1. Check segment 18-30 and report whether any residue there is over 18 Å from Ile107 (Cα atoms) and in contact with a Lys or Arg (Cβ under 9 Å, 6 or more places away or on another chain).
2. When residues of segment 419-435 are filtered for being in contact with a Lys or Arg (Cβ under 7 Å, 6 or more places away or on another chain) and not in a helix (DSSP H, G or I), how many remain?
3. Quickly run through segment 58-99 and pick out the residues that are over 22 Å from Ala24 (Cβ atoms), part of a loop (DSSP other than H, G, I, E, B) and of a type in the set (Gly, Ala, Ser).
4. Being surrounded by 14 or more Cβ atoms within 10 Å (Cβ to Cβ), out of contact with any Gly (no Cβ under 9 Å at 6 or more places or on another chain) and either closer than 20 Å to Val376 by Cα or at pLDDT 90 or above (or both) is the filter here; which residues of segment 405-424 pass it?
5. Kindly establish whether Val82 is within 26 Å of Ile155 (Cβ to Cβ) and among the β-branched types (Val, Ile, Thr).
6. Of all residues in segment 403-459, which are within 30 Å of Thr362 (Cα to Cα), acidic (Asp, Glu) and touching a residue at least 40 places away in the same chain (Cβ under 8 Å)?
7. Condition test on Ser294, is it modelled with pLDDT under 80, part of a loop (DSSP other than H, G, I, E, B) and of a type in the set (S, T, N, Q)?
8. Residues of segment 353-373 being under 23 Å from the mean Cα position of the chain (by Cα) and either of a type in the set (D, E, K, R) or assigned to a loop (DSSP other than H, G, I, E, B) (or both), which ones?
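The values are calculated or read from the model by the stated rules, or taken from the named source; none is laboratory data. All values reported here derive from a predicted model rather than from experimental measurement. Neighbour counts run over all protein chains shown; Cβ positions are idealised from the backbone, glycine included.
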Amino acid sequence: MLTFLLALTAAANPFVVERDGLRADITDVAVPEAPERYGAHPRVCRVLFSWDGEGVSVEPTRCAEASKSRVLAAAETWSFEVSGEGSGELLEAWFVDAMREEHDPKIFVRQDHRIAFTLPDGVDPLLADPRGLVFPEFPDELPADTVDAQCNVDIEVGKTGLVNKLEVSDCDETFHATTDEALRRLSFKVPLLDGSPLATALSIGVDFERSFDEPPGRSFLRLPSDPDMGARKIVRTDEPADIPEPPPYPDWEPLFSVRHKAYAEVGVYQIVKPAPVLGLDAERRCTVLFGVNSQRLNTAWADPACHEDVAEQTLAAARKWNLMHGEVRAGEMYGRFRATFVYAADGGEVRIVLPGEDLVSTRDNMPEFVTTISTVEPLLRVPPRLPAKMLKSGLQEAECTFDVAVDARGRTEVLGVDSCPAEYVAAGERAVKRWRWTRPEVGGEYVTVQTRVRLRFSP
């Protein structure tokens, strides 16, 4: 049976959402049934409510299967009165199960700089207060006639207050990199639920403005505004800013050293490995980009493709690695490198995979759970040659794709033809067999790998 949290009257503080010319008055709100089992941590189900011009759709955006049916049964009974022109997303609500029978479930709304909320009793804003502000740099390479720009940034914040995921949208690509680089360094005060930290999320706006006083320009952040909560007040903790301390200065040899592209060499002196995850239905991977500055502070963030089942615990472990960059030479930047954390479906030991081409030290001190994989790159590309009679007959443009094996010496064997007009196959195979590659390597051993080669025949 559903529990109706609100049956709003004129005397109650209303539930109103105003966004992009739309106004939604929400008159009935239900909370889900109690779960059959209570968890050790807050169980969250996120639901997106959208208006298509005729009705409101309800879509779970991130929700455990065990909670989805209960939450959707409640969310689909919410009553909306929508006015204004247009269509689009209205709000994202977070339904949070109680962790004990004596506690009540909670409903939060995700804060967004584009939304003005009026909230009734029983619905709270999902807090995510920055501990300090970081402003993106105005790109130097912009054309002189570019005056300003605006970006939207969707941020996922872990229980530690650090950024887990970040997505920049609604602005020119030129502004993406500087916005991403700056806002990943934000940290937040996270809400507490029954004494346990709760992961949170928010959307921030970034305005770029060309300035002659501060050339080439400057940026401003548009944070979500506090909702109208009537007589209620938002309770914020006065926790001190969390200033990270660097790990102990290493007076021992590194486990291994890496250098990625134009970045400085990084010594890895200590690894903290996440615990296995039980009950996975398939292998999970999370690639982490590590960075270390001159104060030896380790910043790590997840690649957008990192699976959400393992993202938070992967970052929590990665940020405890003890790193130190080497000499920063002319043209180099402070250290960065990538590592992929691989979680076995059977709950086995987590493996860590590094790009073999980044490794610049021996493997003597490398832990057994760390391995390397080198991608194969062509060293010699041989263009195809067509028989003279084909050239005389009039060559038509064509593209061929071959599946090949690259052996431990970097030589090519054609395994099959993926796609190719029949008259071009023989010439294509002759050319591909003469290609030479970097030697494929896994864990320090040279191996045979498979890849794909694409050839283009042009008149």
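1. Taking segment 18-30 and keeping what is over 18 Å from Ile107 (Cα atoms), we get 18-23.
Now narrow it down to the ones that are in contact with a Lys or Arg (Cβ under 9 Å, 6 or more places away or on another chain): 19-20.
Checked segment 18-30: at least one residue is over 18 Å from Ile107 (Cα atoms) and in contact with a Lys or Arg (Cβ under 9 Å, 6 or more places away or on another chain).
2. Selection size over segment 419-435: 1.
3. Ala64, Ala98
4. Just the residues of segment 405-424 that are surrounded by 14 or more Cβ atoms within 10 Å (Cβ to Cβ), to begin with: 405-407, 410-412, 414, 417, 420, 423-424.
Adding the requirement that they be out of contact with any Gly (no Cβ under 9 Å at 6 or more places or on another chain) leaves 405-407, 410-412, 423-424.
If the condition is that a residue be surrounded by 14 or more Cβ atoms within 10 Å (Cβ to Cβ), out of contact with any Gly (no Cβ under 9 Å at 6 or more places or on another chain) and either closer than 20 Å to Val376 by Cα or at pLDDT 90 or above (or both), then Ala405, Val406, Asp407, Gly410, Arg411, Thr412 are the ones that fit.
5. no
6. First, the residues of segment 403-459 that are within 30 Å of Thr362 (Cα to Cα): 405-412, 435-451.
This time we only want the ones that are acidic (Asp, Glu), so: 407, 441, 445.
The answer is Asp407, Glu441.
7. Numbers: modelled with pLDDT under 80: yes; part of a loop (DSSP other than H, G, I, E, B): yes; of a type in the set (S, T, N, Q): yes.
Criteria met by Ser294.
8. Asp358
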